[in-house]
Amino acid sequence: MAWHENTAGGAFATRAITTSADGAHGVHAADLDGDGDVDVVAASFLDDSVAWHEQSGGGRFAAARAISTAADDARGVFAVDVDGDGAVDVLAAARGADSVALFLNGGGAGFAEERARGRCADDAATGRDGSRGRRS
């Protein structure tokens, strides 16, 4: 996994983030630890992982920190403050698990998982969740 630095004049230099992400598929850049620089979060489908890489400065990144190692066939990832507490949380889609997981950032870059399975969306659409198919 790499990022491409704009070196001016339309030229780009490839900078490695890691060579150990097995099947990296989804990647998102955001300040996960609140230190003012951009970190990287990635979903890797071959090793079923969601991990983040802290930027240590100057475009260099630390080794992966696991958010989850049980995201079966992880394909997509996105970072945003979901719960409004000022800390950037992580959403990850795992195709094999038919799920979308929310990892709440508890500060210190520790994440706690909240999961909504694909079946939940099906139930809401058909009314089996008690909504009778109504959208709010």
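The values are calculated or read from the model by the stated rules, or taken from the named source; none is laboratory data. Every value quoted in this text rests on a predicted model; they were computed, and no experiment measured them. For accessibility, only protein heavy atoms count, side chains too; no ligands or nucleic acids. Shrake-Rupley method; radii C 1.70, N 1.55, O 1.52, S 1.80 Å.
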### Query
Given 10 Å bins starting at zero, what is the percent of C-alpha pairs of the stretch 1-116 in each, up to the one with the largest pair distance?
15, 46, 30, 8, 1
### Task
Subtract the Cα-Cα distance of D35 and D47 from 0.36 nm times their separation in residues, and report this length gain in nm to one decimal.
1.5 nm
### Accessible surface of the stretch 1-106 [probe 1.4 Å, protein heavy atoms]: carbon and sulfur percent
52 percent
### Query
Given the Cα-Cα distance of A63 and E113 and 0.36 nm per residue of separation, how much length would full extension add, in nm?
15.9 nm
#### Entry: Residue-normalised accessible area of the stretch 4-100, given per residue in Å² at a 1.4 Å probe
51 Å²
